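**Student:** Right, I'll just put the structure down here and ask away after.
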Amino acid sequence: MEALFFKLAPFLKILFAFTLMLAGMRFKVGLGLSILTGGVILGLLFGMGPLPIALTGVAALGQKSFLFLAAIVGLILILSDAMERSGQSVRLMEALSGYLTSPRLRLIFFPALIGLLPMPGGAVFSAPMIKTVSEKMTIKNSDRAVLNYWFRHIWELCWPLYPGIILTVALADITIIELISKTWPGTPIMLLTGWFFFLRPGVLGAGDIAVAPPPVGPGKRAALRQGLPLLIAICGAIGLESAIATLAPSIAFEWGVLAALAAAVACVMIQNTQLGLPFLRQVLTKKSLWSMLFVIVAIFVFKDIMQASGVVEDMSRAAGGGAALIASATFLPFLVGMVAGINVAFVGATFPLLLGVLNTLGMQDQTIPYLVLATFCGFTGVMVSPIHICFVLTCQYFNCELARTWRKVAWPSLIFLLSGVGLFRFWLWALG
C-alpha cells in the first residue's frame, strides 16, 4: 500500500493543483489568478519554499520569450479593437457582401471572416450579420446559433494571430510555420464537419434558405482597402518571419511579427483619423487588455515553477513516462479547455507539463506531433465547453436554449477530436 501511495503521490499533488485551478476558472476567480495560484500550490507541494517560488516568478518575467509574447498579444488586441471601434470591420463586411451569391456561403462567410480577428466573444460580433442574411430564411434560431458559433472558430488551429498559437510556439521554442504546417488540417476538417452537420441539403433544404441575392457592394477596391490592415498583419507576419529565419537566423523571428502588427495598427489609425490618441489611451487602459497580459504572466510563472520544482521528473520516476505523457497530451488539455472555454487556458496550463514530460523521456523529436494531439484535444474541450463565452453570447443573442443547442455541437466536436488523433498518428508515422 505504501509503495502504491508513493507511486500515486506526484499525480495526486498535480491533480490537487489542477483541481484548484479549474475551480478558480469555474467560479470566475479569473484565469490568470487561477493559473498563478495553481503554480504556487504546485511549487509548495513539490518542496519549494515561498522565497524560491517568488524568485522563480520574477526571473520568468525577464525572459525574452515572455516580453515578446506580451507585446505581440497586446498589439493583436489593439488591432482588433481599432477595427471594431472605427467600424472598419463592418465596412469590410459590406464591401464583400455583394459577391456572396450562395445562401449557404452567406450563412458561414461572416462568422468565418470575423474569426480572423481574435477577439474574446467575437461570435456576438458576427451574430447580427447572421441574423441579417438569414432574415427571410425559414431556419431555427438554434441553427443560426450553431452556424455562427462553429464557423467563427474554424481558424483557431492555423491562424497565426491567435494567442493560443503564439503561446504554443513561445513555450515550445518553435516557429509559427513549424506548428501551423501540421495543424492546418483542423480548418478543412471543421469546414467539412460543419457542412455535414449544419448545412448539407438533408439538414437545410433549398426551400429553407431560398432568398434573393444581395445587392452588389462598393467593389473590390473598397474590400481591399477595408481589409488592408488584416493583409498587412497576416502576410507581413508570415513573410517577415520567413525572411528572418532564412536571411538572419540569429535575429528572433518575433521581431517580424511585431513589425507586421505595428504596421497594421498604424494602417488602421491612418485610415481612421478620428481614432487618434484618445483611442490609444482608452485601449491601453482597457481591463481586457491587462487581464490577457496577466494571464501570460501567470502562464510563464507557472511554467518556470513547474520546471524548478521537478514536477515532471517526480511524475515520470514514480509511474513511468507513458501514463504522464498520455495524460498531459489528451485528458488534461481537454479538461482545462472544457472548464475554461478558452485556448490560452489549456495551452498555458498543460503544455509546459507536456513539453517537460517529452524532454524527460528524450522524445523531443516527437514534440510537434504531440502538440498537434494536445491542441486538438484541448480545442475540442473549448468547443464543448458550456461556459465558452462565444457559445453563451450567441445563444443569448438568438434567444435559444443552451442545452438543446449544445447537443448540436457535441457530435461534430467528437468527429473533430477523432480526426486529431488520426492526424497525430499520421505525423508520428511521417517522422519514421
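Where a number appears in this text, it was derived from the coordinates with a stated rule and is not lab data. Treat the numbers as computed from the prediction; the structure is a model and nothing was measured. Glycine gets a Cβ as well: all are built from the backbone with ideal geometry, and neighbour counts include every protein chain shown.
**Student:** Arrange Leu224, Leu113, Leu293 by Cβ neighbour counts within 10 Å, fewest through most, would you?
**Tutor:** Placing the least packed residue first, the sequence is Leu224, Leu293, Leu113.
**Student:** Please state the equivalent ellipsoid semi-axes for the chain: what are the square roots of 5 times the Cα gyration tensor eigenvalues, largest first, in whole Å?
**Tutor:** 37, 26, 20
**Student:** By a straight-distance test (C-alpha under 22 Å), which lysines pair with Lys131 as possible cross-link partners, with residues fewer than eight away in the same chain excluded?
**Tutor:** Lys140, Lys408
**Student:** Cross-link partners among lysines for Lys182, C-alpha distance below 26 Å, same-chain residues fewer than 8 apart left out?
**Tutor:** Leaving aside lysines fewer than 8 places away in the same chain, those within reach of Lys182 are Lys64, Lys303.
**Student:** Let's test the formula: R0 of 51 Å, r as the Cβ-Cβ distance of Ile326 and Leu280. What FRET efficiency results, to the nearest 0.05?
**Tutor:** 0.65
**Student:** Here's another thing I want to ask about it. Considering the chain as a Gaussian network with a 10 Å cut-off on Cα pairs, which listed residue, Arg104, Arg152, Arg281, attains the greatest mean-square fluctuation?
**Tutor:** In this elastic network of the chain, the residue with the biggest mean-square fluctuation among Arg104, Arg152, Arg281 is Arg281.
**Student:** Divide by every residue of the chain the summed helix terms, -39500 (n - 2.57) for each DSSP H run of at least 4, and state the resulting mean residue ellipticity at 222 nm, rounded to the nearest 500 deg cm²/dmol.
**Tutor:** -24500 deg cm²/dmol
**Student:** Still on this model: Take the Cα coordinates of the stretch 303-432, assign each an equal point scatterer, and use the Debye formula without solvent to give log10 I(q)/I(0) at q = 0.11, 0.18, 0.22 Å⁻¹.
**Tutor:** Result of the Debye calculation: -0.44, -0.94, -1.22.
**Student:** Arranged by the count of other C-beta atoms within 10 angstrom, fewest first, what order do Lys182, Lys220 take?
**Tutor:** Result, fewest neighbours first: Lys220, Lys182.
**Student:** Counting other Cβ atoms within 10 Å, which chymotrypsin sites (Phe, Trp or Tyr not before Pro) in the stretch 395-431 have at most 13 and lie in a DSSP loop?
**Tutor:** Here no chymotrypsin sites (Phe, Trp or Tyr not before Pro) fit, given the DSSP loop and packing criteria.
**Student:** Order of Met306, Met363 from fewest to most other C-beta atoms within 10 Å?
**Tutor:** In order of increasing Cβ crowding within 10 Å: Met363, Met306.
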